[in-house]
Amino acid sequence: MSNVQIEESWKNVLSEEFDKDYFVTMAEFLRSEKKSGKKVYPPGQLIFNAFNITPFEKVKVVILGQDPYHNPGEAMGLSFSVPRGVRTPPSLVNIYKELYNDLKIPLAVHGDLTSWAEQGVFLLNAMLTVEHKRAGSHRKSGWQHFTDAVIRKLSEQRENLVFMLWGNFAKQKKELIDGNRHLILEAAHPSPLARGAYFGSAHFSKANKYLEQNGISPINWRLPL
């Protein structure tokens, strides 16, 4: 599977994963899904968008999501992010509200988090694809093996990263991360279903403080207009 279209530094770090049985099986599964006429999100060229925008050595912060959005035109290969012109999803609205509470950054007028990714915020979903209107439909396809390996590689080969784990699903990934080498921040999920438990976590200011303490330039969380 050396023909996987992914940014070069990630290709080097993950090369052994592409040849494992689970990855080959998963690639076949995705091909068969599309062949059968099922709509799969995000579009093929955006499946590895988070990797292509944020090279391995540039990662500073990891924000872990679960599934891509499963409505047309929403998923763009970056966790929690939607393209400009698409309605900002409720979870992202709450993230913006927390940004205001934490750093007094006004709520953004769009949902495109590309500028975060370009600064080193690795917006990783545990599953990188999903079927149209079917949340969690690719949960058993093999993606979790792959993204767990991604988290392990970051933990083992990088230092002083910030991992933001929001919600019970993300918190389960804590065991993959070396808490002595990295900062692990945990909070409730920003979904409205969490009834506001996410608010007050102050993860954005805590992340920047940690980065600066370790001689790393902080993230400008204010999104461009």
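The values are calculated or read from the model by the stated rules, or taken from the named source; none is laboratory data. Keep in mind that this is a model prediction, so the values were computed, not measured. A quick note on method: Cβ atoms are made from the backbone with ideal geometry, for glycine too, and the neighbour counts reach across all protein chains shown. Calculation scope for accessible area: heavy atoms of the full protein, side chains included, ligands and nucleic acids excluded. Shrake-Rupley method; radii C 1.70, N 1.55, O 1.52, S 1.80 Å.
Odds and ends about this structure:
- Of all the residues in the range 84-104, those that are within 16 Å of Thr114 (Cα to Cα) and polar (S, T, N, Q) number 1.
- Hits in the range 43-88 - residues which are of a type in the set (Val, Ile, Thr) and either in contact with a Leu (Cβ under 8 Å, 6 or more places away or on another chain) or outside any loop (DSSP other than H, G, I, E, B) (or both): Ile47, Ile53, Thr54, Val59, Val61, Val62, Ile63, Val82
- Search result, residues across the range 1-39 that are more than 22 Å from Gly120 (Cβ to Cβ), open to solvent by less than 50 Å² (accessible area, probe 1.4 Å) and outside any helix (DSSP H, G or I): Val4
- For the range 41-50, a residue qualifies if it is open to solvent by less than 20 Å² (accessible area, probe 1.4 Å) and touching a strand residue (DSSP E or B) at 6+ places or on another chain (Cβ under 8 Å), and exactly one does: Ala50.
To keep it simple, each residue is scored yes or no on (1) more than 18 Å from the chain's Cα centre (by Cα); (2) among the aromatic types (Phe, Trp, Tyr); (3) farther than 25 Å from Lys171 by Cβ.
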| residue | (1), (2), (3) |
| --- | --- |
| Ala27 | yes, no, yes |
| Gln45 | no, no, yes |
| Pro55 | no, no, yes |
| Pro68 | no, no, no |
| Gly73 | no, no, yes |
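- Failed condition for Leu99, given (1) outside any helix (DSSP H, G or I); (2) open to solvent by less than 20 Å² (accessible area, probe 1.4 Å); (3) under 19 Å from Ala194 (Cβ atoms): (1)
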